[in-house]
Amino acid sequence: MTTFYYHIDKHLTGIEFIILTILIPTTFIAMLVYLVKGLIGIIRNRNNLTLLFCMPTIVTVTTFLFIFSPWYFDSEDLESKIEFRACYEGTQNQSYIKFREDKSFEIHSTGVFFANSWYTGHWNKSGDTLFMEFDEKNPGFIGDTLVIRNEYLIEVNKLALTDSTKDYRKNYYLGYCKGLN
């Protein structure tokens, strides 16, 4: 189930998201209980074991090996590769943009009190300028035309103001989030 958490978080909202989010730890705990119960049953019946009797415990152990494996599969791997990314870190919120090779982008913003928003669309780049076209409405905290300046994404209508003050903190910076706040 956690394999598909990326798509669950991106596409589901409301009660469906809450139910699936609660289902993940509930299922994990149930699997732990079932594993312990199965191992105890194998130890108690070790004199007359059959493959059919051991099969549920073998499946549970295999599932745990898959979950904790270093070769863990994430459903985001099904998406186009990331060409570059940018991050914004506020005092009580964080947002990142992934610009993908297929010219799609996604903005994922999180904040206090369980705020969680996704915005998607398509992008093009001409020189140091990014043109973003949102699938639905523009979120309002970022413009649709951005200029890459000093490793920051700056809205074109705020470019003169930003250059005069040299204060880039209110903009997305290129790369992974650094945990500055």
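Take the range 35-81 and flag every residue that is in contact (Cβ under 8 Å) with a residue 12 or more places away in the chain, surrounded by fewer than 14 Cβ atoms within 10 Å (Cβ to Cβ) and not in a helix (DSSP H, G or I).
The answer is Tyr72, Phe73, Asp74, Ser80, Lys81.
Of the residues that sit in the range 5-20 and are in contact with an Asp or Glu (Cβ under 9 Å, 6 or more places away or on another chain) and in contact (Cβ under 8 Å) with a residue 12 or more places away in the chain, which one is most open to solvent (accessible area, probe 1.4 Å)?
Looking at the filtered set, the residue picked out is Tyr5.
Given the residues Leu78, Leu51, which is the only one that is of a type outside the set (S, T, N, Q) and within 30 Å of Val147 (Cα to Cα)?
Values: Leu51 fails: within 30 Å of Val147 (Cα to Cα).
Result of the check over Leu78, Leu51: Leu78.
Working only within the range 88-117, note down all residues that are within 13 Å of the chain's Cα centre (by Cα), surrounded by 14 or more Cβ atoms within 10 Å (Cβ to Cβ) and in contact (Cβ under 8 Å) with a residue 60 or more places away in the chain.
Within the range 88-117, Gln94, Ser95, Tyr96, Ile97, Glu106, His108 meet the criteria.
The values are calculated or read from the model by the stated rules, or taken from the named source; none is laboratory data. Just so it is clear, the model here is predicted, and its values are computed rather than measured. As a convention, Cβ positions derive from the backbone with ideal geometry for all residues, glycine included, and neighbour counts pool all protein chains shown. In case anyone asks, the SASA skips ligands and DNA or RNA and just uses the protein heavy atoms, side chains included. Shrake-Rupley method; radii C 1.70, N 1.55, O 1.52, S 1.80 Å.
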